[in-house]
Number of protein chains: 2
Amino acid sequence: MTENGSTALATALAYYRAWSSHDFELAMTYVAEDIVCQAPAGQLVGAQAFREFMGPFAQIVNGTTLIGGFGDERIAMLMYDADTVPVRDAPGAECLTVVDGKISHMRIIFDRLPFAAAREAEAAE
Amino acid sequence: MTENGSTALATALAYYRAWSSHDFELAMTYVAEDIVCQAPAGQLVGAQAFREFMGPFAQIVNGTTLIGGFGDERIAMLMYDADTVPVRDAPGAECLTVVDGKISHMRIIFDRLPFAAAREAEAAE
């Protein structure tokens, strides 16, 4: 990783560490107002839409473990394990574009299937 | 990325380019006999189990686009878009450990939900 690259990764890691330790307001300080986030359910535009997607997820996280993190001048990639209330094994991967210390684009991949199954099981109770 | 790091990424990319261009046998030449793969449905141990998981997926791929790829001395991370027969938008992320030019460990993340929905829709026809 280049020295510049570490800046993108540093922002990505600061964001990750904040939400995963339940300081979601701190996490949002690393998110650009005009963020575009491609999530499994579709595209989210703007910090408010992103907050409504990521905030509830951050609340159900028991803990996370970083699997890997890399970056170059503008882009960082993270992969992590997440232990959540409904799904104990819920890993995620993110590819983040960082501009002026703020995350302007995020591609996030995770498996929605166990979350859907947990919702169905809860509804059936 | 260090010069050594490019070796891990080069192996990861060679593997990716082979399966995504439907040369799955070439792809398997980059996979260690004792690979351990953590996939959404669980852990796969050994090249044969890996082949039975990844081979059928490679067959239903229409095309892929690399979103990002990074690596260090031992580890590479890839994220890609995949257009598949049942699911047009099926991105994936991989964290690969490369030892002596072979992938010895792979963590792969993708969203199984649209694949399950496509199977259900097909079964209902």
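Values in this text are rule-based calculations from the coordinates and carry no lab data. This one's a predicted model, so the numbers in the text were calculated from it and none came from an experiment. Please note: Cβ atoms are built from the backbone with ideal geometry, for glycine as well, and neighbour counts cover all protein chains shown.
The calculated FRET efficiency for A:A14 paired with B:I60, based on their beta-carbon distance and R0 = 45 Å, is about 0.70. Using just its DSSP H runs of length 4 or more, each adding -39500 (n - 2.57), chain A gives a mean residue ellipticity at 222 nm of -12000 deg cm²/dmol after division by all residues. Taking Cα atoms only, the orientation of helix B:113-124 departs from the longest principal axis of chain B by about 30 degrees. Note on chain B: antiparallel DSSP beta bridges, both residues inside, total approximately 85 percent of the bridges counted.
By the gyration tensor of its Cα atoms, with a ≥ b ≥ c the square roots of the eigenvalues, what is the shape of segment B:7-124: rounded for a/c under 1.5, prolate for a/b over b/c, or oblate? Judged from the Cα gyration tensor, segment B:7-124 comes out prolate (a/c at least 1.5, a/b above b/c).
Scanning chain A for trypsin sites (Lys or Arg not before Pro) that sit in a DSSP loop and have at most 16 other Cβ atoms within 10 Å, the longest stretch containing none of them is A:1-73. Per residue, the average separation of C-alpha pairs within less than 8 Å and at least 6 apart gives chain A a relative contact order of 27 percent.
How would the protein assembly as shown be classified by its alpha-carbon gyration tensor: rounded, prolate or oblate, with rounded meaning a/c under 1.5 and the a/b versus b/c comparison settling the rest?
oblate
A cut-off of 5 Å between modelled amide H atoms, ignoring neighbours fewer than 5 places along the same chain, links A:D89 with A:T84. For segment B:1-91, applying the loop criterion from DSSP together with a ceiling of 15 other beta carbons within 10 Å to the GluC sites (Glu not before Pro) yields B:E73. For segment A:73-88, putting each phi into the Karplus relation 6.51 cos²θ - 1.76 cosθ + 1.60 with θ = phi - 60° gives couplings of 4, 10, 10, 10, 10, 10, 9, 8, 8, 10, 9, 10, 4, x, 10, 6 Hz, in residue order, rounded to whole numbers and with x for Gly and Pro.
Residue by residue, segment A:53-58 carries 3J(HN,Hα) couplings of 7, 8, x, x, 5, 4 Hz when phi is fed to the Karplus relation 6.51 cos²θ - 1.76 cosθ + 1.60 (θ = phi - 60°); x denotes Gly or Pro.
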